[in-house]
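The numbers here are math on the coordinates, done by the rules we state, and not lab data. Since the model is a prediction, treat every value here as computed from it, not as a measurement. Cβ atoms come from the backbone with ideal geometry, glycine included; neighbour counts cover every protein chain shown.
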Amino acid sequence: MSKRWWRWTVVYAVVSVLGFVFLNWIIALFIAIMGLTLVIVGALAGSWDSHSTFEERELARARRRKEKYERRAGARAKDRAIWEAARSKDRGGTDA
């Protein structure tokens, strides 16, 4: 977290304490909960732009799929040969 968010956290703590000192505890609790929610959302949203884009994630997925497809090429060829042999056998040895 940056210094800016630490400052907002301190401001939140001070406002919450002052709320409990000078206001009814129910109103102070409401203010404290709302303030905490805003601080957490702000902290999480601070790094929003640093994540990868949809296109970057899809490109990485496509690379992984291609690598997996290439790794399994031998097994696919073997399965295809077995399937074609069984198909040929079922048809009585003719490939028509």
Subject >> Phi-based couplings in Hz for region 64-69 (Karplus 6.51, -1.76, 1.60; Gly and Pro marked x) >> reply: 5, 5, 5, 4, 5, 4
**OP:** Per residue of region 33-41, in order, report the coupling 6.51 cos²θ - 1.76 cosθ + 1.60 (Karplus, θ = phi - 60°) as ³J(HN,Hα) in whole Hz, putting x for Gly and Pro.
**Re:** 5, 4, x, 4, 4, 5, 5, 5, 4
Subject >> Straight-distance crosslink candidates among aspartates and glutamates, where the alpha carbon sits under 16 Å from Lys89 and sequence neighbours closer than 8 are dropped >> reply: Asp79
Subject >> Note, ³J(HN,Hα) from phi for region 78-89, Karplus 6.51, -1.76, 1.60, rounded to Hz, x at Gly and Pro >> reply: 5, 4, 5, 5, 5, 5, 5, 5, 5, 5, 5, 5
Original post:
Which of the aspartates and glutamates could be linked to Lys78 by a straight reach, that is with a Cα gap under 18 Å, when you skip same-chain ones fewer than 8 residues away?
Top reply: Glu70
Subject >> Option label - mean projected area of the Cα convex hull in nm² computed here, alternatives (1) 10.3; (2) 6.0; (3) 13.0 >> reply: (3)
Original post:
R0 = 35 Å: FRET efficiency of Leu23 with Glu56, Cβ-based, nearest 0.05?
Top reply: 0.15
